[in-house]
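A short worksheet on the structure shown next.
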Amino acid sequence: SSKTFWTTTGMFPQELIIGFPKCVKISKVAIQCYLVRTLRIERSTSKDPVGFEHCIEKDLQHREGQLQMEEFPLPEFQATYLRFIIKSAFDHFVSVHRVMAEGT
């Protein structure tokens with residue numbers, strides 16, 4: 001829902017894990033967030049959210065008063081879970097408004 005969002009509790013790193021009903025192929029990940037400085041994305045193909053592997057880490061641009069909209073084109077990979085680790089921020093609290101994964 002565009003009217004909801006996830007917010008951090010004030011200290012970093014913070015993480016958000018998204019699970020899929022089964023292992024899927026992903027070619028691109030996009031995120032809408034606010035005040036995130038450094039974001040790391042990891043994946044797991046396990047039945048449970050364990051054994052994560054690094055996919056990408058990126059420093060995001062600060063956009064005063066606006067949502068950050070970042071796309072991460074990735075070589076196609078499989079995942080049952082995606083873990084988003086907010087390593088640092090431009091303020092004490094940040095928010096994640098939307099996460100999108102494209103693939104099959």
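Here SER46 sits with roughly 40 square angstrom of accessible surface, probe radius 1.4 Å. Dividing the mean sequence gap of close Cα pairs (under 8 Å, 6+ apart) by how many residues segment 1-72 holds gives a relative contact order of 33 percent. Local charge sum around THR38 (other residues, Cβ-Cβ under 14 Å, Lys/Arg +1, Asp/Glu -1)? Overall, the nearby charge balance is -2.
Each Lys or Arg adds one and each Asp or Glu subtracts one; over the other residues with Cβ under 14 Å from the Cβ of ARG63, this totals -3.
The values are calculated or read from the model by the stated rules, or taken from the named source; none is laboratory data. All figures in this text were calculated on a predicted structure; none of them were measured in a lab. Every residue, glycine as well, gets a Cβ built from its backbone with ideal geometry; the counts of neighbours run over all protein chains shown. Each accessible area value is taken on the protein alone, full model and side chains, heavy atoms only, with ligands, DNA and RNA left out. Shrake-Rupley method; radii C 1.70, N 1.55, O 1.52, S 1.80 Å.
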